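Bear in mind that the values in this text are calculations on the coordinates, not laboratory data. Everything numeric here is computed off the predicted structure, so don't read it as measured data. Cβ coordinates were reconstructed from backbone atoms using ideal geometry, including for glycine residues, and neighbour counts include every protein chain displayed.
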Protein chains: 2
Amino acid sequence: MTAGTGRVPVGERLPTLEDVARVAGVSRATVSRVINGIRNVDPQLHEMVWNAVGQTGYVPNRLARSLVTRRTGTVALVVSDSESHDDDPFMGRFFADPYFGRVVGGLMSVLRAAGIQLALQIVGTEEQRTRLVGDLRHGQADGVIVLSLPGHDPLPRMLTDAGVPAVMIGRPADPVPINYVDLANDTGASLAADHLVERGCQRIGMISGPADVPASNDRIAGFRRSMARHGHAWVPLASGNFTQESGEDAMRTLLAESPGVDGVFVANDLMALGALLALRDAGRRVPEDVAMVGFDDSSAAVAASPALTTVRHPLEDMAAESARLLLARIDDPSMRISSVIYEPTLVLRQSA
Amino acid sequence: MTAGTGRVPVGERLPTLEDVARVAGVSRATVSRVINGIRNVDPQLHEMVWNAVGQTGYVPNRLARSLVTRRTGTVALVVSDSESHDDDPFMGRFFADPYFGRVVGGLMSVLRAAGIQLALQIVGTEEQRTRLVGDLRHGQADGVIVLSLPGHDPLPRMLTDAGVPAVMIGRPADPVPINYVDLANDTGASLAADHLVERGCQRIGMISGPADVPASNDRIAGFRRSMARHGHAWVPLASGNFTQESGEDAMRTLLAESPGVDGVFVANDLMALGALLALRDAGRRVPEDVAMVGFDDSSAAVAASPALTTVRHPLEDMAAESARLLLARIDDPSMRISSVIYEPTLVLRQSA
DNA sequence: ACGTACTTGGAGAGCGCTTTCCGAAGTGTT
DNA sequence: AACACTTCGGAAAGCGCTCTCCAAGTACGT
């Protein structure tokens with residue numbers, strides 16, 4: 001036997017704990033202890049076991065292990081679309097949006113170090129939701145990170161009711177006792193308002209996101225509040241759905257309704273990109289004629305021309321934090337529910 | 001008992017097949033048959049079982065099922081970075097790039113319909129690779145989609161050696177008998193070359209990607225071949241690493257080396273965005289002074305100004321196809337190795 | 001020398017499910 | 001009425017692992 005190579009012919013039955021035990025001349029239990037680093041094993045046996053592991057090329061079967069330990073080493077990332085009816089075209093947009101990638105990147109930076117894998121799930125229908133929660137209760141994943149799409153999503157509540165460790169990225173639309181990580185969206189919008197006013201803009205409008213997203217509402221509220229404080233009781237507002245095209249349309253609307261606009265706060269960078277196009281078409285220069293502040297500081301902000309002055313949304317950090325929170329919660333289920341709110345900052349570039 | 005609600009108190013032991021069997025007054029085996037839709041069950045018993053399922057709120061335990069069926073209903077998406085040493089800053093960039101999102105979106109469109117979940121794995125070190133392959137052989141996932149990052153990745157070979165159903169997105173750097181889905185990158189580059197020449201450009205340069213990526217090499221080769229055919233035996237070339245900044249730098253280099261350049265093919269849209277910036281800084285108008293053709297037709301192409309004429313890379317379709325290929329391979333492991341090559345098309349916009 | 005306490009390794013009972021194997025019951029033929 | 005078939009449901013053997021017991025071994029105090 002060519003010891004130590006650990007090669008196992010393909011197609012053959014994979015070595016089990018039993019096999020290792022036989023080779024090492026000990027019992028399954030002992031091998032299990034050694035593998036899992038539990039003390040109380042004679043150093044000599046310890047070594048024999050490791051030799052046997054090398055010789056047989058043994059790799060533990062995670063599935064079998066999970067069945068008994070009720071731990072899978074997996075966290076689910078659930079994209080919950082409460083109003084979809086299966087192949088919603090929205091999903092394509094969602095994944096293409098830098099938002100998704102930034103979240104995944106942030107999560108992975110933490111999970112990877114912890115040796116935990118991420119399982120992606122999309123749920124839209126009630127049936128999928130029920131099934132997901134059922135699977136989760138069975139320990140299909142140790143916990144879940146929830147990304148809620150627009151709408152009143154029943155999933156967060158279901159998750160807490162089922163006692164599944166969960167953390168949301170972005171505040172839930174309805175009050176639910178669930179851990180979440182969010183951005184002080186209102187403060188961010190205030191920052192934008194303050195900057196536009198300080199810059200000397202007189203007629204400032206806003207392009208907002210959809211009304212049923214908490215983050216979107218907070219940005220509107222924060223912006224209005226700050227504008228009011230600066231003496232602008234009312235601000236012209238047009239809304240989009242966070243896509244570039246919708247931003248373009250919204251800007252046209254805004255321009256039509258308030259032709260004198262000389263400053264605009266756009267609730268995300270992608271829409272700002274569209275708005276920039278609309279302004280160019282209308283022959284307005286940015287920032288000379290109209291100053292613009294975006295939101296997110298996504299890659300689109302740098303790609304834009306002029307580069308966008310925008311509110312920085314530290315999504316990667318937030319995602320990483322949510323992963324840490326979840327991991328902590330998994331380790332200690334009695335941990336009390338908490339939320340972390342990040343403070344946004346303004347990134348100055350050319351557009352305002 | 002409030003029948004039919006299917007509610008199970010949290011924290012309590014979840015109902016098992018055994019429980020359902022007891023309630024229905026049949027054996028575990030019969031319940032299993034009913035749940036899995038196997039014929040040969042008396043319609044009456046069939047109904048009693050379903051009633052019992054409803055009453056108990058039974059949800060099958062996927063883990064337990066997988067242990068015996070050797071099917072998990074999971075496909076792994078492996079991002080294989082052959083040269084990373086753990087927390088590589090490259091990963092952040094990778095996820096933020098629209099590339100990743102488009103692939104995930106394409107995969108999910110197929111997997112979701114098939115009721116299969118996607119597990120994200122990042123492997124960098126040799127140890128992670130070995131472990132991944134070990135887990136995979138144990139049926140941790142039914143198959144794997146591989147996304148290889150730059151470099152000579154040993155993973156594809158390991159996967160085929162281990163007999164794991166796998167499909168790569170993008171041709172492997174080294175010849176390995178593995179299923180893959182790729183784009184005719186050379187044809188795409190030819191398209192770009194032809195277009196620039198037809199447009200009347202006299203001095204055409206290229207900004208390429210990194211040298212150790214097959215896709216990148218193919219684009220260079222295809223471009224050169226086509227240019228040679230048009231009588232340009234040599235083309236000035238600068239290279240980047242597919243990021244916006246590197247594109248900006250490369251454009252500056254190109255401009256310095258060949259000031260008379262009036263057309264440029266940039267190997268991806270993100271770099272093209274950067275190149276656009278460099279050209280503006282240099283006071284060159286696009287497309288009047290310098291015409292530009294990008295590659296990918298990512299969201300960046302539309303976001304750019306002027307909007308990019310670019311080679312369409314149907315990544316979503318390709319990812320979807322790779323998922324279908326993998327699923328077919330899982331169903332029939334004897335299926336012969338095949339690859340699908342997509343033909344790119346040119347999308348005309350403002351930049352050329 | 002005996003009892004007590006602690007360490008160490010093995011036997012075996014599961015985790016929740018699928019699936020083979022069989023016997024019992026039902027159907028039709030001669 | 002006896003035979004061969006077919007259909008159907010249950011008993012039970014695992015899948016590969018962990019972990020609780022328990023027995024044996026070792027060390028110590030009295």
Review point. Using modelled backbone amide H atoms (1.01 Å from N, in-plane), which distant-in-sequence or interchain residues come within less than 5 Å of B:Leu237's amide H?
Key: B:Met206
Review point. Can you give me the pair-distance distribution of region A:38-172, C-alpha pairs, 5 Å bins, whole percents?
Key: 2, 9, 16, 18, 16, 12, 8, 6, 5, 5, 3, 1, 0
Review point. Could you list log10 I(q)/I(0) for region B:184-318 at q = 0.20 Å⁻¹, which the Debye formula gives when each Cα is one point scatterer?
Key: -1.13
**Study point:** Coordinate range along principal axes, alpha carbons of region A:261-352, Å, largest first
**Key:** 59, 20, 18
Review point. Looking only at other chains, what is the average number of their beta-carbon atoms within 10 angstrom of each beta-carbon in A:134-144?
Key: 4
Check your understanding: Computed from the mean reciprocal separation of all distinct C-alpha pairs, what Kirkwood hydrodynamic radius does region A:166-246 have, in Å?
Key -> 13.6
**Study point:** Fraction of alpha-carbon pairs over 37 Å apart in the protein assembly as shown - percent
**Key:** 46
Review point. Using a label position 7 Å from Cα in the Cα→Cβ direction, what is the ascending list of nm distances from A:Ser27 to the same site in the other copies?
Key: 3.2
Revision key, fill the gap. Per-residue average of other protein chain Cβ atoms inside 10 Å, peptide B:63-69 -> 4
Point to revise | Per-residue mean of C-beta atoms belonging to partner chains within 10 Å, peptide A:48-61 | key: 2
Exercise for review: Arrange the following residues from fewest to most other Cβ atoms within 10 Å of their Cβ: B:His232, A:His313.
Suggested key: B:His232, A:His313
Exercise for review: Using the Kyte-Doolittle scale, find the helices of chain B whose mean hydropathy is at least 0.0 and whose Cα atoms extend 15 Å or more along the helix's long axis, counting only whole DSSP H runs.
Suggested key: B:98-113, B:269-281, B:315-331
Review point. Any idea what log10 I(q)/I(0) is at q = 0.14, 0.21 Å⁻¹ for region B:95-156, Debye with uniform C-alpha scatterers and no solvent?
Key: -0.48, -1.01
Revision key, fill the gap. Label points for A:Pro306 built 7 Å along Cα→Cβ; distances to same position in the other copies, nm, shortest first, come to 2.3
Review point. About its Cα centre, how strong a charge dipole does the protein assembly as shown have in debye, to the nearest 20, once Lys and Arg get +1 and Asp and Glu get -1 at the Cβ?
Key: 1520
Point to revise | Relative contact order computed over chain A (Cα-Cα under 8 Å; 6+ residues apart), in percent | key: 16
Review point. Taking a label point 7 Å from Cα toward Cβ, how far is B:Ala256 from its twins in the other copies, in nm, shortest first?
Key: 5.0
Revision key, fill the gap. Summing +1 per Lys or Arg and -1 per Asp or Glu among the other residues with Cβ less than 13 Å from B:Leu308's Cβ gives -1
Point to revise | Tail weight of P(r) past 31 Å, computed on alpha-carbon pairs of chain A, percent | key: 47
Review point. Out of residues 5 or more away from B:Asp182 or on other chains, whose amide H comes under 5 Å of its own, with H placed 1.01 Å from N in the peptide plane?
Key: B:Gly170, B:Val340, B:Ile341, B:Tyr342
Check your understanding: A:Asp161 versus B:Arg22, label points 7 Å from Cα toward the beta carbon: distance in nm?
Key -> 2.5
Revision key, fill the gap. Listing B:Leu149, B:Leu136 by rising number of other beta-carbon atoms within 10 angstrom, fewest first, gives B:Leu149, B:Leu136
Check your understanding: Points 7 angstrom from Cα along the Cβ direction at B:Ser339 and B:Asn51: gap in nanometres?
Key -> 6.0
Exercise for review: Among DSSP beta bridges whose residues both lie in the protein assembly as shown, state the antiparallel percentage, nearest 5.
Suggested key: 10
Review point. Which listed residue (A:Leu63, B:Asn268, B:Leu159) has the Cα farthest towards the positive end of the charge dipole for the protein assembly as shown, taking +1 on Lys and Arg C-beta and -1 on Asp and Glu C-beta about the Cα centre?
Key: A:Leu63
